[in-house]
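Chemist: Input: one structure, supplied below.
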Amino acid sequence: MKLLWFHLMPYKELPEDFREHHPSIWVDIDSRLFDPQRAHVMYNEFMDELEYAADCGFDGICVNEHHSNGYGLMPSPNLVAAALARRTADTAICVMGNSLALYNPPIRVAEEMAMLDCISGGRLIAGFPVGTPMDTCFAFGQNPSMLRQRYLEAHDLIMKAWTTPETFAFNGRFNQNRYVNIWPRPVQKPHPPVWIPGGGSVETWQWCAQQDYVYSYLSYFGYKAGQATMDGFWREMDRLGKEPNPYRAGFLQFVGVAETRAEAEKLYREPAEYFYDRCLCVDPRFASPPGYTSEATLRAKVKSQLTQVVERAGIKDMARTWDDIVERGYVIIGSPDEVAEQIREVATRLNVGHLMLLMQFGNMSSELTNYNTKLFAEKVMPQVTGLFDDQWEDLWWPQPMGKESRMPMKAVAG
């Protein structure tokens, strides 16, 4: 099993009464709440935490893309990934953005990700999300009924740009380019492994199977709530004749580990309640614009995670207090042995070989984040890292250049 350390980069100083006075953390969040000087500190601490996770031995470190968002301060994950590529040696760098339909032309994605693959020596995982309605339809003004068509055309252009040695012309519905000839080219051939972040769309499952991509469910509600979505994914894979290789899937899980469960209860209560009370305050106006959800997904009665956020918030069904958060499995907490047991349960119940771990959440301090990271790496990781490896091969992992050919990691300046 592969263990990846995931960062959302949340703004850590939202007011305590945020939910009472602000309708949404997304799209129209009050810009006066943002302090650039405090963000300077946060960004540098966040990047230190990602580098520390790499030093601790996590298989990969993950960044993602959000816009006009108070819990995701990464409108350009490529900027962060470029810095990480210079300051890490062997860890995979998983960019769980770019939202392809937002780039005009999407050749930009092909170029920047190829550049990242070159800088890192072939350690890039390319994530291609369709994008949330908040990021795509409202913050960037895309037509929801055309979003998926734009996305698919952008994907085809990027893949052709990565794999075609000759200059070519591309004439699509949304993109017309007389000369496509990207420099640089990715190290990995025919291209970096592609992971598709998703929330439960039937079309996304089918497309992952068709393209042989990893489906990654980025859930904020833990493995108990994620069971139905992952069961649906595997049923669809079985129907399409795909073997149940757990490395075909990824899943996101919040984790807080301490020497004892009592200590974990004390340490992680505040950041967890901060995240679920303030960071998931999403205005219903933005969650499901007409045309964003396909007919097939509606017929299958599959709800996006964001729709669930809004519905749960509206009927007060989303856990916001510590006891409910832990009871429902949103956050796994406990001693190293207790957390290892739960991690094994998550992986085997959901049949997931790529487990992405949110070990910084809410307003968690950098000191606590690094404590969580180190303790997990030293006492939990050895208990779970070999899961699935005796039966399945991970065909969706980066294939970097040999160490003898790669530049040494950049030293930290004094």
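The values are calculated or read from the model by the stated rules, or taken from the named source; none is laboratory data. In this text, all values refer to a predicted model and were calculated from it rather than measured experimentally. Glycine also receives a Cβ, built like all others from the backbone with ideal geometry; neighbour counts cover every protein chain displayed.
Chemist: Given the conditions (1) over 16 Å from the mean Cα position of the chain (by Cα); (2) modelled with pLDDT of 95 or more; (3) among the polar types (S, T, N, Q), and given that Gln253 satisfies all but one, which numbered condition is not satisfied?
Modeler: The one condition Gln253 does not meet is (1).
Chemist: Which of the residues spanning the stretch 214-230 are touching a residue at least 12 places away in the same chain (Cβ under 8 Å) and surrounded by fewer than 20 Cβ atoms within 10 Å (Cβ to Cβ)?
Modeler: Keep residues of the stretch 214-230 that are touching a residue at least 12 places away in the same chain (Cβ under 8 Å), which gives 214-227, 229-230.
Of everything in the stretch 214-230, those that are touching a residue at least 12 places away in the same chain (Cβ under 8 Å) and surrounded by fewer than 20 Cβ atoms within 10 Å (Cβ to Cβ) turn out to be Lys224, Ala225, Gln227.
Chemist: Ok, one more. Filter the stretch 386-414 for residues that are within 20 Å of the chain's Cα centre (by Cα) and not hydrophobic (A, V, I, L, M, F, W, C); which is surrounded by the most Cβ atoms within 10 Å (Cβ to Cβ)?
Modeler: As a first pass, look at the stretch 386-414 and keep what is within 20 Å of the chain's Cα centre (by Cα): 394-398.
Going one step further and asking which of them are not hydrophobic (A, V, I, L, M, F, W, C), we end up with 394, 398.
Working: Asp394: 18, Pro398: 22.
Going through the qualifying residues, I end up with Pro398.
Chemist: For the stretch 103-130, give me each residue that is over 25 Å from Ala54 (Cα atoms), touching a strand residue (DSSP E or B) at 6+ places or on another chain (Cβ under 9 Å) and not in a helix (DSSP H, G or I).
Modeler: Across the stretch 103-130, the qualifying residues are Pro105, Val130.
Chemist: Still on this structure, please answer the following. Residue check: is Ile158 outside any helix (DSSP H, G or I) and under 23 Å from Tyr215 (Cβ atoms)? So that I can check it myself, show each step before the final result.
Modeler: Details: outside any helix (DSSP H, G or I): no; under 23 Å from Tyr215 (Cβ atoms): yes.
Judged against the criteria, Ile158 is not a match.
Chemist: For the subset of the stretch 289-347 comprising residues that are assigned to a loop (DSSP other than H, G, I, E, B) and of a type in the set (S, T, N, Q), which member is modelled with the lowest pLDDT?
Modeler: Taking the stretch 289-347 and keeping what is assigned to a loop (DSSP other than H, G, I, E, B), we get 289-294, 300-304, 315-321, 328-330, 335.
The next check asks that each one be of a type in the set (S, T, N, Q); those that pass are 293-294, 304, 321, 335.
On the way: Thr293: 76, Ser294: 67, Ser304: 54, Thr321: 95, Ser335: 98.
Per the criteria, the residue is Ser304.
Chemist: Exactly one condition in (1) farther than 27 Å from Thr321 by Cβ; (2) buried (at least 22 other Cβ atoms within 10 Å of the Cβ) is not met by Pro36; state its number.
Modeler: Evaluating Pro36 over (1) farther than 27 Å from Thr321 by Cβ; (2) buried (at least 22 other Cβ atoms within 10 Å of the Cβ) leaves (2) as the failure.
Chemist: Then there is this: In this structure, is Ser366 closer than 25 Å to Val63 by Cα and in contact (Cβ under 8 Å) with a residue 12 or more places away in the chain?
Modeler: Numbers: closer than 25 Å to Val63 by Cα: yes; in contact (Cβ under 8 Å) with a residue 12 or more places away in the chain: yes.
Yes, satisfied.
Chemist: Related question: Among the numbered criteria (1) more than 26 Å from Tyr71 (Cβ to Cβ); (2) of a type in the set (Gly, Ala, Ser); (3) without any contact (Cβ under 8 Å) to a residue 60 or more places away in the chain, which single criterion is violated by Gly141?
Modeler: The one condition Gly141 does not meet is (1).
Chemist: Considering Asn171, Asn175, which residue is surrounded by 18 or more Cβ atoms within 10 Å (Cβ to Cβ) and of a type outside the set (A, V, I, L, M)? Outline the logic, then answer.
Modeler: Numbers: Asn171 fails: surrounded by 18 or more Cβ atoms within 10 Å (Cβ to Cβ).
So the residue among Asn171, Asn175 that is surrounded by 18 or more Cβ atoms within 10 Å (Cβ to Cβ) and of a type outside the set (A, V, I, L, M) is Asn175.
Residue-wise test of (1) buried (at least 19 other Cβ atoms within 10 Å of the Cβ); (2) in contact with a helix residue (DSSP H, G or I) (Cβ under 8 Å, 6 or more places away or on another chain); (3) modelled with pLDDT under 95; (4) farther than 27 Å from Val384 by Cα.
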{"position": "Met1", "(1), (2), (3), (4)": "yes, yes, no, no"}
{"position": "Val27", "(1), (2), (3), (4)": "yes, yes, no, yes"}
{"position": "Arg32", "(1), (2), (3), (4)": "no, no, no, yes"}
{"position": "Asp48", "(1), (2), (3), (4)": "no, yes, no, no"}
{"position": "Ala85", "(1), (2), (3), (4)": "yes, yes, no, no"}
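Chemist: If we keep just the residues of the stretch 17-45 that are of a type in the set (Asp, Glu) and in contact (Cβ under 8 Å) with a residue 40 or more places away in the chain, which is farthest from Thr369 (Cα to Cα)?
Modeler: Keep residues of the stretch 17-45 that are of a type in the set (Asp, Glu), which gives 17, 20, 28, 30, 35, 45.
Applying the additional criterion that residues be in contact (Cβ under 8 Å) with a residue 40 or more places away in the chain yields 28, 45.
Values: Asp28: 29, Glu45: 10 Å.
Out of the qualifying residues, it is Asp28.
Chemist: As an exercise: evaluate Ala209 against (1) of a type in the set (A, V, I, L, M); (2) in contact with a Leu (Cβ under 7 Å, 6 or more places away or on another chain); (3) modelled with pLDDT under 95 and give the number of the one condition it does not meet.
Modeler: Only one criterion in (1) of a type in the set (A, V, I, L, M); (2) in contact with a Leu (Cβ under 7 Å, 6 or more places away or on another chain); (3) modelled with pLDDT under 95 is unmet by Ala209, namely (3).
Chemist: Could you please give the count of residues in the stretch 119-136 that are touching a Leu at 6+ places or on another chain (Cβ under 9 Å) and either within 20 Å of Met47 (Cα to Cα) or surrounded by fewer than 23 Cβ atoms within 10 Å (Cβ to Cβ) (or both)?
Modeler: First, the residues of the stretch 119-136 that are touching a Leu at 6+ places or on another chain (Cβ under 9 Å): 120, 123-126, 128-136.
Next, only the ones that are either within 20 Å of Met47 (Cα to Cα) or surrounded by fewer than 23 Cβ atoms within 10 Å (Cβ to Cβ) (or both) stay: 120, 123-126.
Counting residues in the stretch 119-136 that are touching a Leu at 6+ places or on another chain (Cβ under 9 Å) and either within 20 Å of Met47 (Cα to Cα) or surrounded by fewer than 23 Cβ atoms within 10 Å (Cβ to Cβ) (or both) gives 5.
Chemist: Same structure again: Looking only at the stretch 242-293, how many residues end up being over 19 Å from Gly329 (Cα atoms), of a type in the set (Lys, Arg) and surrounded by 22 or more Cβ atoms within 10 Å (Cβ to Cβ)? Step through it out loud before you land on a result.
Modeler: Pass one, the stretch 242-293, residues over 19 Å from Gly329 (Cα atoms): 242-249, 259, 281-293.
With of a type in the set (Lys, Arg) added as a condition, the list becomes 242, 248, 285.
Now narrow it down to the ones that are surrounded by 22 or more Cβ atoms within 10 Å (Cβ to Cβ): 248.
Qualifying residue count, the stretch 242-293: 1.
Chemist: While we're on this one: Any idea which of Glu203, Glu243, Glu236, Glu259 is among the charged types (D, E, K, R), modelled with pLDDT of 95 or more and in a helix (DSSP H, G or I)?
Modeler: On the way: Glu203 fails: modelled with pLDDT of 95 or more; Glu243 fails: in a helix (DSSP H, G or I); Glu259 fails: in a helix (DSSP H, G or I).
That would be Glu236, the only listed residue that is among the charged types (D, E, K, R), modelled with pLDDT of 95 or more and in a helix (DSSP H, G or I).
Chemist: Looking at (1) crowded, with 16+ Cβ neighbours inside 10 Å; (2) touching a residue at least 60 places away in the same chain (Cβ under 8 Å); (3) of a type in the set (A, V, I, L, M, F, W, C), which is the only condition Ala209 fails?
Modeler: It is condition (2) that Ala209 fails.
Chemist: Next up: Of Ala161, Ala126, Ala101, Ala81, which residue is of a type in the set (A, V, I, L, M), touching a Gly at 6+ places or on another chain (Cβ under 7 Å) and touching a residue at least 12 places away in the same chain (Cβ under 8 Å)? Let's see the steps before the verdict.
Modeler: On the way: Ala161 fails: touching a Gly at 6+ places or on another chain (Cβ under 7 Å); Ala126 fails: touching a Gly at 6+ places or on another chain (Cβ under 7 Å); Ala81 fails: touching a Gly at 6+ places or on another chain (Cβ under 7 Å).
Just one listed residue meets the conditions, Ala101.
Chemist: Looking only at the stretch 209-232, decide whether some residue is part of a loop (DSSP other than H, G, I, E, B), of a type in the set (A, V, I, L, M, F, W, C), within 21 Å of Val95 (Cα to Cα) and in contact with a helix residue (DSSP H, G or I) (Cβ under 9 Å, 6 or more places away or on another chain). Give the steps one after another, and end with the answer.
Modeler: If we filter the stretch 209-232 for residues that are part of a loop (DSSP other than H, G, I, E, B), which is where we start, we get 212-213, 218-221.
Next cut, of a type in the set (A, V, I, L, M, F, W, C) only: 218, 221.
From the residues that got through so far, the ones that are within 21 Å of Val95 (Cα to Cα) too are 218.
Those still in the list that are in contact with a helix residue (DSSP H, G or I) (Cβ under 9 Å, 6 or more places away or on another chain) too: 218.
Yes, some residue in the stretch 209-232 is part of a loop (DSSP other than H, G, I, E, B), of a type in the set (A, V, I, L, M, F, W, C), within 21 Å of Val95 (Cα to Cα) and in contact with a helix residue (DSSP H, G or I) (Cβ under 9 Å, 6 or more places away or on another chain).
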